[in-house]
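Shown next, in structure tokens, is the structure this report addresses.
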Amino acid sequence: MQKSDFTIALAGNANVGKSVIFNQLTGLGQIIGNWPGKTVERAEGILVHHGKNIRIIDLPGIYSLSTYSQEELVTREYIALGHPDVVVNVVDATALERNLFFTLQLIEMQVPLVLAINLVDIAKKKGININYTRLSKIFKIPVAETVATKGIGVHEIVDDAIELKLKKTKEIQSKIRYSSEIEKRIELLEFELKQITLEHPLRWTAIKLLEEDLEIINLIKKKAPHIIEKAQKLSKEIEQVHKEPCATVIAAERYASAARIVSKVQTHEQPQKPSWGERLDDLTMHSIWGYIVLFAVMLSILGFITFFGGWLTEFLQNLFEQFNPNISGFLHEVAWNGAVVGFYASLAVALGFILPFYLILGVLEDSGYLPKVAYLMDRPCHSMGLHGKACMPLLVAFGCNVPACAGCRILETNRDRLIALILSTLIPCSARTVVILGLVGAYVGIQWALALYIFDFLLIFLIGRLLNKTLPGTSVGIIMEMPPYRIPSINVVIKQAWVRFKPFLLTAIPLIIIGSVLVEAMRLTNVLSIISDVLSPITVTWLGLPAFTGFLFIFGVLRKEAALVLLITVAGTTDILLVMSPLQMIVFTLVIMIYIPCVATIAAMIRETGWKRAFEITIFEIVLAIVIGGLVFRLLDPFL
Amino acid sequence: MAREQIEEYLEAIYDIAGKDGKAKTTEIAEKLKNAPASVTEVLQRMNRDGLVIYEPYQGAALTKKGENIVIRIKRKHRLLEVFLEKILHLPQEHVHDQACKMEHVINDETEQALCKKLGVPTECPHGSPIPPCNIDVNSCNECLQTDDSKRKKRKQRPISITTLKPGQKGKVVFIRGGRNVVQRLCDLGLISGTPVSLIRGAPLKGPVEICVKGCKIVIGRGIAEKIFIQIEDL
């Protein structure tokens, strides 16, 4: 990490545009999208602003500084103990009251604060007018208006932050006063807490103790157990007065303060007719039409990619074959069959299948369609022990399993996260799509490719059910904010696809070319047949595949689409029917689809669940794939 | 006509009634094992008393008054089931029949005492939700902690947000559930007194989408069923 003079942390509710601002400032490609929870860990970047190196931190979106979820805890700890120079609270202008509820909590943490009121263009369209100067005066903190997607006001935030930091005399931010019975007890606790050293601000710690915040209780308990007893007594007293848990009372008062402020600074004219987004909601979230639209969307994506990918593969093959010098000899075979075929086959895979997929995924994400899917699929997810939110990482998994593994963190319990993680590694990602559509779809028939998809979904469903039955506990229900539709920004979609596509270009294509050269060389020197022979009891005897597939399975662990490219290399032609029967292609694809998550996914699993779990899942999937592959071979043999 | 009999009829109509809220005479007769002719007579009488709306050949539908009685009975029934299973340790298969008889005889005071004694259960042993009482308290805690038996009654019984029709508005009265879930809903602005409206519900007991403080929130059915509201200005 570069040395920095200054740190700014972006904090705020989910889906208010923190990551958009982050990308605008740092020029980095933090994945953004119109669904709550895509930032699961904090991202860092450097902005050079008037000759200063400024470190920008993008924090996960949260609604409160309580400890309901992992993200809330992460964000709170960072703000309290990471000591950023300035915290920029990004606020959604269309939902000011709920956003200020969070702002009030940041103010309680006594951090240097700048408010960035984002989405002001959408707010204006909704008839919401906000008096920013007034808001700034009430809080006694700088307030900036922004339209992050268009870059408006984004750099002014940094100016405000620097100015705030450089100010000699710090203005004291206004804080909320609770009703007297609470204030009195906060003071009593503050008095006790003054006796010990604290990591967190005094008043905030006192309030958290009254709210019976488990983290803070554990922290103080070690130092001064008598304070905890006192706090619990005071908390009970407040409960006696209000007849509600103290945390609820305090939250209600915070909301009342937020509402009071909103009434002072905001005027709202109700729009007469529903927006286009709401009318689109009526269709896409409809009890029947919603599902038809969902099905049609999925089917047309698959159809388009099959068609486009197939066409491009053929086009590139014809293009390159023109230059084939057609001389024989060891070096030529290695260079041509290995390097050149490897190159154009991986290019076809990249441009024909993977890039269009990422572009479409980007459009789906940025338009805000994913949360609608979560809503529609919540009920079906329950039978797999999950709830609708799990659909969002699972849909991302169609692009690539790796970000999906991290995305599972938006789920609340360890159990939900584990189930979603296992299922997401079974989702046919773009690399598997390449094999399914490029091999079975192209050579056996699109109906068989579709059958493979349906089979995979059934398998995922069954494994989900099984996990739900065997793992202890039940899922908590879904509680999720529903962001409105918006027209996807072409800029964002392209950038997003590029961020996801770049690692493929940089690592996968060279890897595949090297692999192709290696395979070709090994084939010609008979090393390949040795490896293949070792694996032949599984590949040939049980799965009924040609012996050379053994090597492909091993290489496929690195990148699954490599298995297809290398298959072309091994065959020495793109007419794979010469070396494999349709049934063999189906079995091969089926095993590739299930047998092991690729290395990158395994690494992501290790990060999420640890070595042991990742190892277990990997072994489970290998055994599963081999068993299913062999059974399908025997079942389909009479028919094909 | 005995109160017990009327209550049995009301319950039967409530259980049978489909989407249109109507129960056919023959179905009621079958459920209560009575002759259709006598069922018709009883229904006509209940129609006079304003408990049901009865139309010949169409069947009977509950009025608001009738429905209120049923909900109270259901509450007593399910509380009794919990009591029989948890405290008296009766096997689960037996509690329903017993509760069916007992539900007609216990009064409000007993009902309230049962609820407190059992630690404000939210579901019967078979998993059906226990409807809330209509005592004017902010939370069940308030009821547990104080011993004031002369508490005011609410004009209306709070209903679950899931029973609203799309577009209907109400005010949050209280939320049942674990500390974490209540805290989360609280953070999203669902605090007693807050106006909310139902936007839509997904089919087959899927989640509901509600609007609170200008934000749209999707909540799973299991959680939403425990958010109780009162409909504004009836």
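Computed from the coordinates by the stated procedures, all read-outs in this text should not be read as laboratory data. This structure is a prediction, so every number in the text was calculated from the model and none was measured. All Cβ positions, even for glycine, are placed from backbone atoms using ideal geometry, and neighbour counts span all protein chains on display.
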Practice problem: Work the Kirkwood hydrodynamic radius out for the range A:344-425: mean of 1/r over every pair of different alpha-carbon atoms, inverted, in Å. | Solution: 13.3 Å
Quiz item: Under the definition of Cα pairs under 8 Å and six or more residues apart, what whole-number percent is the relative contact order of the range A:194-284?
Solution: 21 percent
Exercise. Quick one: which residues, 5 or more positions from B:Val196 or on another chain, have an amide H under 5 Å from its amide H? H modelled 1.01 Å from N in the peptide plane, none for Pro or chain starts.
Key: B:Gly170, B:Lys171, B:Val172
Quiz item: For A:Asn53, which sequence-distant residues (separation of 5 or more, or a different chain) have an amide H within less than 5 Å of its own amide H, given hydrogens modelled in the peptide plane?
Solution: A:Asp5
Practice problem: Just grab the label-to-label distance for A:Lys223 and A:Lys236, each label 7 Å out from Cα along the Cβ direction, in nm (one decimal). | Solution: 2.5 nm
Self-check item: chain B: calculated mean residue ellipticity at 222 nm from DSSP helix runs of at least 4, using -39500 (n - 2.57)
Solution: -12000 deg cm²/dmol
Quiz prompt | Theoretical ellipticity at 222 nm over chain A - DSSP helices of four or more residues, -39500 (n - 2.57) apiece, nearest 500 | solution = -18500 deg cm²/dmol
Quiz item: Over the range A:96-201, what is the mean sequence separation of C-alpha contacts under 8 Å (at least six apart), divided by residue count, expressed as relative contact order in percent?
Solution: 29 percent
Quiz prompt | Angle in degrees between helix A:246-265 and the longest Cα principal axis of chain A, rounded to the nearest 10 | solution = 80 degrees
Quiz item: Taking Cα atoms, how many degrees apart are the long axis of helix A:582-594 and the longest axis of chain A, rounded to 10 and kept between 0 and 90?
Solution: 30 degrees
Quiz item: What angle do you read, to the nearest 10 degrees and between 0 and 90, between the alpha-carbon axis of helix A:355-367 and the longest principal axis of chain A?
Solution: 20 degrees
Practice problem: Based on other C-beta atoms within 10 Å, arrange A:Leu73, A:Leu564, A:Leu214 from fewest to most. | Solution: A:Leu214, A:Leu73, A:Leu564
Exercise. Mind giving me the FRET efficiency for B:Gln5 and B:Asn180? R0 is 45 Å, r the Cβ-Cβ distance, nearest 0.05 is fine.
Key: 0.50
Quiz prompt | Cα lying deepest toward the dipole's positive end in the protein assembly as shown, options B:His104, A:Val154, A:Ile54, charges on Cβ | solution = B:His104
Quiz item: Which value, in nm² and rounded to one decimal, describes the direction-averaged projected area of the C-alpha convex hull of the range A:509-640?
Solution: 8.3 nm²
Quiz item: Mind listing P(r) for the protein assembly as shown? All alpha-carbon pairs, 10 Å bins, whole percents.
Solution: 2, 11, 18, 20, 18, 14, 10, 5, 1, 0, 0
Quiz prompt | Of B:Glu209, B:Glu111, B:Glu55, the one that fluctuates the most in a GNM where chain B has Cα springs shorter than 10 Å | solution = B:Glu55
Quiz item: Given Cα pairs under 8 Å that are at least 6 residues apart, what percent is the relative contact order of chain A?
Solution: 12 percent
Quiz item: Dipole size in debye (nearest 20) for the protein assembly as shown around its Cα centre, Lys and Arg Cβ +1, Asp and Glu Cβ -1?
Solution: 1920 debye
Practice problem: Putting +1 on Lys and Arg Cβ atoms and -1 on Asp and Glu Cβ atoms, find which of A:Val340, A:Thr425, A:Phe633 reaches farthest to the positive end of the dipole of chain A. | Solution: A:Thr425
Quiz item: Given the pairs A:Lys175/A:Lys233; A:Lys233/B:Lys213; A:Lys184/A:Lys236; A:Lys222/A:Lys243, which are separated by over 22 angstrom at their Cα positions?
Solution: A:Lys175/A:Lys233; A:Lys233/B:Lys213; A:Lys222/A:Lys243
Self-check item: Computed FRET value (nearest 0.05) for A:Glu190 with B:Thr122, which takes r as the C-beta separation and R₀ as 30 Å
Solution: 0.20
Practice problem: Could you compute the FRET efficiency for A:Ile619 and A:Glu77, with r as their C-beta to C-beta distance and R0 at 30 Å, rounded to 0.05? | Solution: 0.25
Quiz prompt | Among B:Ala224, B:Gly59, B:Cys186 the positive-end extreme of the charge dipole of chain B (Cβ point charges) | solution = B:Cys186
